[in-house]
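The values are calculated or read from the model by the stated rules, or taken from the named source; none is laboratory data. It should be emphasised that the depicted structure is a prediction, and the values quoted were computed from it without experimental measurement. Because the Cβ atoms are built from the backbone with ideal geometry, glycine has one as well, and the counts that use them run over all protein chains shown. Each accessible area value is taken on the protein alone, full model and side chains, heavy atoms only, with ligands, DNA and RNA left out. Shrake-Rupley method; radii C 1.70, N 1.55, O 1.52, S 1.80 Å.
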Amino acid sequence: MDILEYKGEGYRALMDSDGWRVAFLRYGPKFAAYNQLERHMCTDEVFLLVEGSAVLYVEDQPYVMEKCKMYNVPRAVWHHIVVTPDATVMIVENANTSKENSEHISLEEYRKGDRNADK
């Protein structure tokens with residue numbers, strides 16, 4: 001039996017098993033403001049708010065997250081999450097999710113329609 005926790009800042013993968021990964025996301029500079037988006041080309045990404053508050057932006061549409069509800073962002077869909085300093089969000093995704101199969105774009109470029117992201 002493993003009992004895992006993360007009380008640090010930002011994103012931290014806690015376990016990989018049989019092709020999937022479970023991570024915690026906590027407050028940090030990257031998740032303090034809505035100024036960028038990302039998309040994962042090989043996986044859906046599931047978000048679950050554990051504590052605090054969070055807003056999940058999906059293709060520029062904000063979703064105020066509710067505790068104990070799962071939010072599934074399908075693969076290749078632009079998204080970003082903003083969390084409060086007291087927030088913890090659980091994330092489930094493919095274990096091979098990485099910079100090599102994900103893309104990032106600034107909010108300004110996204111809104112201009114320039115969807116050729118930095119990989």
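For residues in segment 1-36 being surrounded by fewer than 13 Cβ atoms within 10 Å (Cβ to Cβ) and within 14 Å of the chain's Cα centre (by Cα), which is farthest from GLY52 (Cα to Cα)? Looking at the filtered set, the residue picked out is ASN35.
All told, VAL50 meets the bar of being at pLDDT 95 or above, open to solvent by 30 Å² or more (accessible area, probe 1.4 Å) and on the phi < 0 side of the Ramachandran plot. For segment 78-113, filtering for residues that are part of a loop (DSSP other than H, G, I, E, B), open to solvent by 50 Å² or more (accessible area, probe 1.4 Å) and within 17 Å of ALA13 (Cα to Cα) leaves 1. Picking from ARG39, ARG75, which residue would you name as being touching a strand residue (DSSP E or B) at 6+ places or on another chain (Cβ under 7 Å), open to solvent by 80 Å² or more (accessible area, probe 1.4 Å), of a type in the set (Lys, Arg) and within 22 Å of SER106 (Cβ to Cβ)? Of the residues listed, the single one that is touching a strand residue (DSSP E or B) at 6+ places or on another chain (Cβ under 7 Å), open to solvent by 80 Å² or more (accessible area, probe 1.4 Å), of a type in the set (Lys, Arg) and within 22 Å of SER106 (Cβ to Cβ) is ARG75. Figure legend. Inter-residue proximity from segment 1-21: first residues in contact (Cβ under 8 Å) with a residue 12 or more places away in the chain, second residues assigned to a strand (DSSP E or B) and open to solvent by 50 Å² or more (accessible area, probe 1.4 Å), beta-carbon distance below 6 Å, spacing 6+ or different chains. Indicated pairs: TYR6/ARG12.
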